[in-house]
Amino acid sequence: MRKNILLPGHKELRYIIREIVKTAKEVEKYKPVYWENIWDPIEKWEKIPTWMKEIIKNACDKDEVYGYSPTRWHQKAINYIISKNPKLTENDIIFFNGIWDAISKIYKALSFDSRIIWPNPAYPTHSSSEAAHANSFHLTYKLDPNNNWYPDLEELENKVKYNPNIVWILVINPDNPTGAVFPKEILKKFVKIAKKYNLFLIFDEIYEKLVYDKTNKVNLSDIIEDVPGISMKWISKDLPWPGGRCGWIEVYNQDKDENLKQFVKTLLAAKMVEVCSTTLPQYVLPDIYESKEYQKYLEKRIEKYKKRADLAYEVLNNTPWLKVIKPKWAFYLTVILDNIDKTKSIKISDPEIKKIIYPQIENTSRFDEKFCLWLLGETGVCVVPLSGFNTGIEWFRMTLLEEDEEKFRKILELIKDYTAKYSK
Ligand SMILES: Cc1ncc(COP(=O)(O)O)c(C=O)c1O
């Protein structure tokens, strides 16, 4: 008899942010869809600035960008990165093709029983990949919506204390989906716990440049002391260039931890099999970041997103059935359905849309997944259920990216009016 080709953990691998797109595309045949599910600047009509396109076009004239680059990094990119951070050497950095590439190589290189504990809710690329690799349930610590989405460090400490399989702590800061940015005192406590229990730290810092209040911005490299750790950095979001699939990891204190040093060697070997990461984004990265236009451009975007966050807070937080914690950085907002009647299911009026939505609803027992499908079917607003972020919390995440402010207000009003139908 033929062997089963499926891995035991295959069902853990889900990416609900894109799963909902198929249904929304069907709905779009009958009514306009407001895409609030994913952050893609092109999808949201954000224009890539001419100065950035010029830098990329000029690079395309150079033959060298069409070749392989060294496995670890392109020399131009690495010179720039280490010039900005004296704690790093060339050996501490490896480039990857998008965060999925880094995450999958890191998690595949881990021994099966060395587990990562991550925030709850968590960005699913991390949590699903690790749980699928370990063929086990997710291990999480809570981010508390009643405390600005800050982590429950007592829970974290108890879990690492009693589960010897936990060897890594993952922190996403700034955080997706909650919009939280953790203050220095909290970040230092992660370091303290890692030190006390001899653990590694992984910080996903891909949104670090998009924090509203710069005094609030603390990176792993500022606080790590002598704890072994990895920080993930990306160009997807702040340039923006998500289709460039380019980012890098920075490794801290591998000279103090032989196990980490060997682990990095394994990662490098895995990368070598693939040869290298994409050359062009690495080649232009320093020119873009060092351009005199970049800082102005970034600040303008941050200002725009902050305005959207304020508007969302003003419209959605003014009801007894919705709760919003003001995000501390651009892009995402988690909406909490606070005082609602889950026994209600608001009928979808359009018979054609009903045919699309109802079979999907039958596939899930989660209220938030059902709710997001009803919302999509009735209003065209496409958001992501929070259960897609591997959490038991049933709320939803939307983006703050809509270019057109009036349209954004309309989307917020649609959400507010629709959710009102569920209020107790
Ligand atoms: C916390 C976090 N890490 C990683 C990623 C993935 O980034 P990329 O699209 O560059 O792979 C995202 C994307 O939304 C994210 O929110």
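Structure data summary
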item: Every residue from the stretch 50-61 that is open to solvent by 90 Å² or more (accessible area, probe 1.4 Å) and either at pLDDT below 95 or among the charged types (D, E, K, R) (or both); result: 53, 57, 61
item: Count of residues meeting criterion [more than 12 Å from the ligand (Cβ to nearest atom) and either more than 16 Å from residue 88 (Cβ to Cβ) or polar (S, T, N, Q) (or both)] in the stretch 232-256; result: 2
item: Condition met for residue 378 (of a type in the set (D, E, K, R) and under 21 Å from the mean Cα position of the chain (by Cα)); result: no
item: Residues (near the ligand (Cβ under 9 Å from one of its atoms) and crowded, with 22+ Cβ neighbours inside 10 Å) located in the stretch 125-134; result: 126
item: Subset tally (residues that are within 16 Å of the ligand (Cβ to nearest atom) and at pLDDT 85 or above) for the stretch 87-104; result: 9
item: Subset of the stretch 64-91 that is touching a helix residue (DSSP H, G or I) at 6+ places or on another chain (Cβ under 7 Å) and of a type in the set (D, E, K, R) - its residue that is farthest from residue 273 (Cα to Cα); result: 87
item: All positions within the stretch 221-272 that are of a type in the set (A, V, I, L, M) and either part of a loop (DSSP other than H, G, I, E, B) or closer than 30 Å to residue 46 by Cα (or both); result: 224, 227, 232, 235, 239, 249
item: Any hit, the stretch 299-314, residues being of a type in the set (Val, Ile, Thr) and within 16 Å of the ligand (Cβ to nearest atom); result: no
item: Pairs where the first residue, in the stretch 280-300, is farther than 29 Å from residue 67 by Cβ and the second is part of a helix (DSSP H, G or I) and open to solvent by 30 Å² or more (accessible area, probe 1.4 Å), C-beta under 7 Å, 6+ apart; result: 298/209
item: Qualifying residue in the stretch 404-418 (condition: without any contact (Cβ under 8 Å) to a residue 40 or more places away in the chain, of a type in the set (A, V, I, L, M) and farther than 22 Å from residue 148 by Cβ); result: no
item: Any chance residue 199 is within 25 Å of residue 267 (Cβ to Cβ), out of contact with any Pro (no Cβ under 8 Å at 6 or more places or on another chain), within 13 Å of the ligand (Cβ to nearest atom) and not aromatic (Phe, Trp, Tyr); result: no
item: Enumeration of residues in the stretch 74-90 that are open to solvent by 30 Å² or more (accessible area, probe 1.4 Å) and either touching a residue at least 40 places away in the same chain (Cβ under 8 Å) or among the hydroxyl-bearing types (Ser, Thr, Tyr) (or both); result: 76, 79, 80, 83, 87, 89
item: Test: residue in the stretch 63-74 that is at pLDDT below 85 and in contact with a Lys or Arg (Cβ under 9 Å, 6 or more places away or on another chain); result: no
item: Candidate set: the stretch 285-307, residues that are within 24 Å of the chain's Cα centre (by Cα) and closer than 22 Å to residue 76 by Cβ; chosen: the one surrounded by the fewest Cβ atoms within 10 Å (Cβ to Cβ); result: 295
item: Which listed residue, of 107, 150, 141, 123, is at pLDDT below 90 and either closer than 21 Å to residue 183 by Cβ or touching a Lys or Arg at 6+ places or on another chain (Cβ under 7 Å) (or both); result: 123
item: Segments classed as helices (runs of 4 or more DSSP H), wholly inside the stretch 309-424, with at least 1 members that are among the β-branched types (Val, Ile, Thr) and open to solvent by 10 Å² or more (accessible area, probe 1.4 Å); result: 351-362, 367-379
item: Test: residue in the stretch 232-245 that is farther than 30 Å from residue 310 by Cβ, in contact (Cβ under 8 Å) with a residue 12 or more places away in the chain and either among the aromatic types (Phe, Trp, Tyr) or crowded, with 21+ Cβ neighbours inside 10 Å (or both); result: no
item: Filter result for residue 258 (touching a helix residue (DSSP H, G or I) at 6+ places or on another chain (Cβ under 6 Å), open to solvent by 10 Å² or more (accessible area, probe 1.4 Å) and modelled with pLDDT of 95 or more); result: no
item: Restricting the stretch 201-219 to residues that are open to solvent by less than 20 Å² (accessible area, probe 1.4 Å) and among the aromatic types (Phe, Trp, Tyr), the residue that is nearest to residue 263 (Cα to Cα); result: 203
item: Unmet criterion (only one of (1) at pLDDT 95 or above; (2) part of a loop (DSSP other than H, G, I, E, B)) for residue 286; result: (2)
item: Long-range neighbours under 8 Å by Cβ, at least six apart or interchain, first residue closer than 23 Å to residue 237 by Cα and among the small types (Gly, Ala, Ser) within the stretch 168-191, second part of a helix (DSSP H, G or I) and away from the ligand (no atom under 11 Å from the Cβ); result: 179/309
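The values are calculated or read from the model by the stated rules, or taken from the named source; none is laboratory data. Quick caveat, the model's predicted, so the values are computed rather than measured. Counting neighbours? That spans all protein chains shown, and the Cβs are built from the backbone with ideal geometry, glycine included. Remember, those area values only see protein heavy atoms, side chains included, never the ligands or the DNA or RNA. Shrake-Rupley method; radii C 1.70, N 1.55, O 1.52, S 1.80 Å.
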